[in-house]
Amino acid sequence: MATLAATRFNPVLRAFDQRLLATGKANKGYLVACMRKLPTILNAVVKSGTPWNENLHTREVENAWPSRQFLVRWAVLVQSSCRVRAEFVKSS
């Protein structure tokens, strides 16, 4: 019941809940994920000894993972640096 109330009134858990629902999580699956997140957040607050700050527990979806374009550029950079090293070793 605490999780149901938290997903309705806590902006952090509401955003988490909506994100899971948008990705197609099963009906009870998103609720279980929120149940697991709630004690994790509470434990972090108790462990740090600081009052609740929702900015510490939010995550912007757009900035959560590197973009595909960034990952492709990074892979090309790594491949080219490996080629340069291999050519340097051969010429040495």
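Values in this text are rule-based calculations from the coordinates and carry no lab data. Note that the structure is predicted; figures quoted are calculated from it, not measured. Glycine also receives a Cβ, built like all others from the backbone with ideal geometry; neighbour counts cover every protein chain displayed.
Give the residues of region 20-38 that are surrounded by 12 or more Cβ atoms within 10 Å (Cβ to Cβ) and not in a loop (DSSP other than H, G, I, E, B), sorted by residue number.
Passing the criteria: L20, L21, G29, Y30, L31, V32, A33, C34, M35, K37, L38.
Select from region 1-19 the residues that are outside any helix (DSSP H, G or I) and either touching a His at 6+ places or on another chain (Cβ under 9 Å) or hydroxyl-bearing (S, T, Y) (or both) and list them in ascending order.
Matches in region 1-19: none.
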